[in-house]
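Notes follow once the structure below has been shown.
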Amino acid sequence: MSPVIRVENLTHIYSPGTPFEVTSLDGISLEINKGEFFAIVGATGSGKSTLVQHFNGLLAPTCGKVWVCGADAADKKVRRDLWRRVGLVFQRPEQQFFEETIFEDVAFGPKNMGLNKGEVRERVSKALRLVDLDPEQAGKQSPFQLSGGNMRRAAIAGVLALGPEVLVLDEPTAGLDPRGRWQLLDHIESFRREQGITVVLVTHNMEEVGARAERVAVLNKGRLALQGTPREVFNRAEELLALGLDLPAPTALMRKLREAGLPVRADILTSTEAEEEIAKVLSQRGTALRI
Amino acid sequence: MFIQVTGLTYTYGRGRPGESRGLSGVSLEIRKGEYVAVVGPNGSGKSTLARHLNALLLPTAGQVLVDGLDTALPENVWEIRRRVGMVFQNPDNQIVSSLVEEDIAFGVENLGVPAEEVRERVEEALALTELSEFRQHAPHLLSGGQRQRLAIAGVLAMRPSCLVLDEPTAMLDPVGRRQLSDLLQRLNQSRGVTVVLVTHFMEEAAQAGRVIVMSAGKIVLDGTPPEVFANFERLGELGLDLPAAAKIARGLKRRGIFMPDDILTAEDLVREVIKAAR
């Protein structure tokens, strides 16, 4: 797999040379592979948002290099086009709706790409279908008539309509109810598979990282603290807790069981895995099945 | 009885196209000192209900009494808002000043309270929210969790007897969430502040003394956390979750391993699994 994003010793300093100077990223190196589901976690202020804004050209490195889709993002010409290749969905994207119909709002991006009417319509329909919204209804409904979860999906469709190779989502499930959260993650997973889009998920929700991410990077104060598969990273529980981060609830639970003396695996990611592992260990100890 | 809601109905956009029922005949009572969590899927009416508790919204039908005061009467609004403080999801929408201690003082000053007392209340609010060391800082330089605590500090300085919070941890990281939950527990237990917490996080709801589940503008479940979370199928139908420990306990039960019905926290589960291992 080739990296679609490569970050080499990236440093970013806000307001350099002024009294407000802040080093937001300090020598970060990482690679994100094409088609991967990659998560970025870290406490508030760890540099997550700063990092991903280098992926779509909103920010340029102070030092170090960022390669996106094989091109050096330090080049202004490259950065100018990155917004189409790397779609960035900020938090609460539905707060950016401004058109009268869902169709018009999703069409905004493609229109700005200079496509003709037919191409725009095609892009909008495709994008809406990717998030399971009805293109027929889209022309008649206002974005504000949708439920919270659907609004969120329509907003994401607006970015998908650009046809990006990489989709960066900043807390896409924040404020959604549990069903809405998992439905949205399912949609993201399905269009990742169908379209081969690389997904970068910036989140505080460790359960989502455990359930969906293939690899995760943990940031702390602008530095890369940990990296690996969710199982590898969540296994380093003491370090995560010292960084002020959490484990997914099932993982934390298994650790507590180990501490209480039950020899269960602690590299568990979901409630289902936890249940299976506990049942296995209990039966190995000959615990009678009683209902 | 501190809050009495009787037959509360609220219709959005009444008389206009697209009008919709936010609440349908909701009745409930909240006693002083209770810690109530309100959960439900998006669109269930949780936030709408919360906003009626300090007269931000007024009933289309029915009545809301706060400490005996009818929210529908304009002359009561001031008094009601002294008793019930509201905290919203986005701290940045609630912070008005460029200095932490000034922001906390803002609401209190508007009450016409003498300067000496303002200072006293600001000190108290800073201490309660553990923001004393940041008193001279600019709010926008604080972390999200700290800003949310600042928003709460501003409300606490008004010395309300009740705090209503609408998904206050939605935009916070895990540390921020934990700190806020701890703060609410402290306020409720050592200061007797009534807490009404609207949340999507089942682990937070499990910490309350009482959980109210809403769906489509109505209350569908109301009881202690163990009582409410025992309704696994119903919660699942509503698209809600159980706290992880409860989910795992149910799973183990289905596999024939005995687990009591009231497991909610990690500690509960660990205790029962260790017991089962003996």
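None of the figures in this text is laboratory data; all of them are computed from the coordinates on show. Here the structure is a predicted model, which is why all the values come from computation and not from measurement. Positions of Cβ are generated from backbone atoms using ideal geometry, with glycine treated the same way; all protein chains shown enter the neighbour counts.
A compact table of results
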| read-out | value |
| --- | --- |
| Rounded, prolate or oblate (a/c below 1.5 giving rounded, otherwise prolate when a/b exceeds b/c) for chain B by Cα gyration tensor | oblate |
| Sites residue A:137 and residue A:34 - FRET efficiency at Förster radius 22 Å, r taken between beta-carbons, to 0.05 | 0.05 |
| Gain upon complete extension [residue B:32, residue B:96; 0.36 nm per residue less C-alpha separation] | 20.0 nm |
| Shielding by partners - mean other protein chain Cβ count within 10 Å, residues of A:43-55 | 2 |
| Proportion of all alpha-carbon pairs of chain A beyond 29 Å (%) | 41 percent |
| Separation in nanometres of the label points that stand 7 Å from Cα toward Cβ, at residue A:259 and residue B:178 | 1.0 nm |
| Inter-label distance, nm, simple model (7 Å from Cα along the C-beta direction), residue B:143/residue B:216 | 4.2 nm |
| Length added when fully stretched, residue A:221-residue A:75, from 0.36 nm per residue minus Cα-Cα | 49.9 nm |
| Potential extension, residue A:272-residue A:63 segment - 0.36 nm per residue separation minus Cα distance | 70.8 nm |
| Hull shadow area, averaged, the range A:122-268 [alpha-carbon convex hull, nm²] | 10.3 nm² |
| Label-to-label distance, nm, for residues given as residue B:227 and residue A:195 (7 Å Cα→Cβ offset) | 4.8 nm |
| Residue-by-residue Karplus 3J(HN,Hα) for the range B:260-268, coefficients 6.51, -1.76, 1.60, Hz, glycine and proline x | x, 7, 9, 7, 10, 9, 4, 4, 4 |
| Part-to-part distance (alpha-carbon centres) for the range B:136-184 and the range A:138-157, which is given in Å | 30 Å |
| Chain B, helix-only ellipticity at 222 nm - DSSP H runs n ≥ 4, -39,500 (n - 2.57), divided by all residues, nearest 500 | -11000 deg cm²/dmol |
| Alpha-carbon radius of gyration plus Dmax, which is the widest Cα pair, for the range A:248-291 in Å | 10.4, 30 |
| Vicinal HN-Hα couplings computed from phi for the range B:89-106 (Karplus, 6.51 cos²θ - 1.76 cosθ + 1.60; Hz; Gly/Pro x) | 5, 9, x, 5, 7, 10, 9, 10, 10, 9, 9, 3, 6, 5, 5, 5, 6, 3 |
| Bins of 20 Å, starting at 0 and running to the largest distance - Cα pair percent for the protein assembly as shown | 19, 50, 30, 1 |
| Rg(Cα)/(2.2 N^0.38 Å) for the range B:77-125, N = residue count | 1.19 |
| Helical mean residue ellipticity (222 nm; -39500 (n - 2.57) per DSSP H run of 4+; nearest 500) of chain A | -12000 deg cm²/dmol |
